[in-house]
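The values are calculated or read from the model by the stated rules, or taken from the named source; none is laboratory data. Model, not experiment: these values are computed from the prediction. Note that we place each Cβ from the backbone using ideal geometry, even for glycine, and neighbour counts take in every protein chain shown.
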Amino acid sequence: MIAIVDYGVGNLRSVHKALQTVGFEAMVTSDPEQVLAADGVVLPGVGAFGDAMFYLKQSGLLDSIRRVAKEGKPFLGICLGMQLLFSTSEEHGQHVGLNLIPGHVKRFKGDFKIPQIGWNTLKLERPSALTAGVARGDLVYFVHSYYVDPLDRGVIVATTDYHGDVPAMVQKDNIMGIQFHPEKSSRTGLQMLRNFGELVAGRPAKGALV
């Protein structure tokens with residue numbers, strides 16, 4: 001069973017439906033015990049970093065998430081959920097994150113459109129079970145004003161070009177993050193969610209750098 005963490009943010013049902021579409025049992029839950037009992041966990045999210053961390057603390061979900069991560073279960077953060085994996089964020093002040101992957105969340109700066117909204121291509125940087133069946137140049141759907149800046153660039157699985165290389169996917173051991181919305185990214189996004197489900201089920205496809 002895959003637990004989709006409900007901490008009062010959007011896109012929960014669409015992630016749930018997408019996982020069911022690719023053949024995996026999932027539940028949306030705000031119960032810390034159900035999160036702990038799950039075989040894999042998805043932390044989705046849209047909204048503000050500080051608000052999300054506040055709710056995770058108040059709800060008791062924060063400790064469960066950290067325990068699941070420490071136990072080595074497959075853990076996937078999506079969009080804001082990926083940013084929450086990092087140490088700190090500068091979104092509307094300074095906020096402390098889950099610190100599962102050392103690094104910081106920063107706002108785009110420059111004379112270009114912010115947020116990045118729409119389809120963009122992926123540049124695969126290293127193999128990952130999540131990218132099996134995904135090719136360099138595949139299109140995925142982004143909506144974000146902030147990006148992650150890992151201390152160790154080796155955790156970056158894929159980047160996208162938005163006025164410079166922007167981390168689009170990261171992985172550190174069992175902790176994985178996707179900045180775009182796989183549930184809105186057609187075949188490519190569904191393939192990644194299928195790969196995550198296979199990883200949870202103990203049947204990971206071998207990651208390929210195409």
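Listing for the model above:
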| quantity | calculated |
| --- | --- |
| Qualifying positions in the range 74-108 - over 30 Å from residue 202 (Cβ atoms) and not polar (S, T, N, Q) | 90, 91, 92, 93, 95, 96, 104, 105, 106, 107, 108 |
| From 115, 204, residue being within 24 Å of residue 49 (Cβ to Cβ) and surrounded by fewer than 22 Cβ atoms within 10 Å (Cβ to Cβ) | 115 |
| Some residue of the range 47-70 being in contact with a helix residue (DSSP H, G or I) (Cβ under 8 Å, 6 or more places away or on another chain), of a type outside the set (S, T, N, Q), farther than 17 Å from residue 176 by Cα and touching a residue at least 60 places away in the same chain (Cβ under 8 Å) | yes |
| Residue list for the range 134-147, filter: farther than 18 Å from residue 103 by Cα, assigned to a strand (DSSP E or B) and not β-branched (Val, Ile, Thr) | 139, 141, 142 |
| Answer residue from the range 123-132, given it is buried (at least 16 other Cβ atoms within 10 Å of the Cβ) and within 14 Å of residue 195 (Cβ to Cβ) and is nearest to the chain's Cα centre (by Cα) among those | 130 |
| Of the criteria (1) under 14 Å from the mean Cα position of the chain (by Cα); (2) surrounded by fewer than 22 Cβ atoms within 10 Å (Cβ to Cβ); (3) not hydroxyl-bearing (Ser, Thr, Tyr), which one residue 152 fails | (1) |
| Complete set of residues in the range 90-109 that are in contact (Cβ under 8 Å) with a residue 40 or more places away in the chain and at positive phi | 92, 93, 103 |
| Residue within the range 181-194 that is in contact with a strand residue (DSSP E or B) (Cβ under 9 Å, 6 or more places away or on another chain) and farther than 22 Å from residue 12 by Cβ present | no |
| Scan of the range 113-144 for residues that are touching a Lys or Arg at 6+ places or on another chain (Cβ under 6 Å) and under 20 Å from residue 84 (Cβ atoms), ordered by number | 141 |
| Extreme residue, farthest from residue 40 (Cα to Cα), among residues of the range 66-86 that are part of a loop (DSSP other than H, G, I, E, B) and among the aliphatic types (A, V, I, L, M) | 84 |
| Selected residue (criterion: nearest to residue 63 (Cα to Cα)) from residues of the range 81-99 that are crowded, with 21+ Cβ neighbours inside 10 Å and among the aliphatic types (A, V, I, L, M) | 98 |
| Residue check, residue 18 closer than 26 Å to residue 159 by Cβ, modelled with pLDDT under 95 and part of a helix (DSSP H, G or I) | no |
| Qualifying position, being among the charged types (D, E, K, R) and surrounded by fewer than 21 Cβ atoms within 10 Å (Cβ to Cβ), among 194, 136 | 136 |
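For every residue, the table says whether it meets (1) surrounded by fewer than 19 Cβ atoms within 10 Å (Cβ to Cβ); (2) within 14 Å of the chain's Cα centre (by Cα).
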position: 13; (1), (2): yes, no
position: 18; (1), (2): no, no
position: 28; (1), (2): yes, no
position: 31; (1), (2): yes, no
position: 34; (1), (2): yes, no
position: 39; (1), (2): yes, no
position: 45; (1), (2): no, yes
position: 50; (1), (2): yes, no
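Residue-wise test of (1) basic (Lys, Arg); (2) in a helix (DSSP H, G or I).
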| position | (1), (2) |
| --- | --- |
| 149 | no, no |
| 159 | no, no |
| 183 | no, yes |
| 194 | yes, yes |
